[in-house]
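First comes the structure, then the notes that go with it.
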Amino acid sequence: MGSTADYCDSCGAPLHETQRSVTAEEPQDQDRRRQIQDVMKEFLKLDGSPVGVKLLRSVDEIPTGIEEINQPHRHCEMVLSAKIEGRTFYAPLSKHQCKVGANALGLMQPRAELRKHQLEEQFRSRRRFRTEDTLWKYVENTPTLPDASVGVLYGPLGSIPSDPDSVVVVCNPLQAMRMVQAYQHVSGERVRASVGALFSLCADAVVTPILTGNLNIAIGCGGTRKHAKLKEYELAVGFPYSIANELADAMLTIARYEKAEEDHVRD
């Protein structure tokens, strides 16, 4: 899908080059990702970039010239680093400090020590769940990917050297609303979100969009707020890269009609 018109559907004025459809000229993949990023940053008025997250199935998929992150960090920290600092890097399992996130991303299977940690941290020490059964119910219902990846590639969407599996947009509620507007413009559907307050920027922002093919909301978790410094007014919206073109085209269309409406009111 996507508009290819060179003139505004509402007022008939020629479109500025950057306002034309993302699918109009079939740019090369890197140019396409950069163009989609630019559209989203302008439409949403983002502080920082949408972040591409790609699961690496083998060491052969590690792009030439991309360095491994130097120290272990949590997945959510790496997403925020790519957004704020504009860094592109990859992280094998050994550099994923949060093993719960690594499990959700398909880098490992849950081992006895991980389950013991979850029991101690989320139930016995912090009483995040009423009973052990409710803890394990939540854990077992959390979306996870198969244990099939050797690492994860992170980077701003416009800089990441290959098409990501998922795109994470860290934003405020107004910007999230604009994302949902673009999604419903394309699909005609309501967002059927799968939301939790644990495993948020991994399971909710990356894994769920990959598994469902749809946009999803992530409200963050205690670890994301504490370690990745996600602000109190921020959340994240994740979507599979496969629908990125359509979302960007929807944003361009919505922006054109909003501008035409503003011009009409002024006149």
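Just a few scattered comments:
- Residue among S162, S187, S49 with the largest mean-square fluctuation in a Gaussian network model of the chain, springs linking Cα atoms under 10 Å: S187
- Neighbour cut-off at most 10 other Cβ (10 Å), DSSP loop, GluC sites (Glu not before Pro), the range 162-267: E189, E232
- Amide H contacts of G151 (H built 1.01 Å from N, under 5 Å, at least 5 apart or other chain): L56
- Gyration tensor (alpha-carbon) shape descriptor, the range 139-267, a/c threshold 1.5: prolate
- Theoretical ellipticity at 222 nm over the chain - DSSP helices of four or more residues, -39500 (n - 2.57) apiece, nearest 500: -11000 deg cm²/dmol
- In Hz, Karplus ³J(HN,Hα) per residue of the range 168-180 (6.51, -1.76, 1.60; θ = phi - 60°; x = Gly, Pro): 10, 10, 7, 7, 9, x, 5, 5, 5, 4, 5, 5, 5
- Here the range 17-266 carries DSSP beta bridges of which approximately 90% are antiparallel, counting only pairs with both residues inside.
- For the residue pairs K41/K229; K54/K83; K95/K137; K41/K83, the alpha carbons lie more than 18 Å apart in K41/K229; K95/K137.
- Gyration tensor verdict on the range 37-136 (Cα atoms; rounded if a/c is under 1.5, prolate if a/b is larger than b/c, oblate otherwise): oblate
- Computed from backbone phi with θ = phi - 60° and the Karplus coefficients 6.51, -1.76 and 1.60, the 3J(HN,Hα) list for the range 247-259 is 5, 5, 5, 4, 4, 4, 5, 4, 5, 5, 5, 5, 5 Hz; x is used for glycine and proline.
- Spatially, the range 199-217 and the range 102-155 are offset by 15 Å when compared through their Cα centroids.
- By the beta-carbon count within 10 Å of each Cβ, the least crowded to most crowded order of L235, L145, L201, fewest first, is L145, L235, L201.
All of the numbers you see were taken from the coordinates with simple rules; none came from a lab. None of these values were measured; they are calculated from a predicted model. Backbone-built Cβ (ideal geometry, glycine too); neighbour counts: all protein chains shown.
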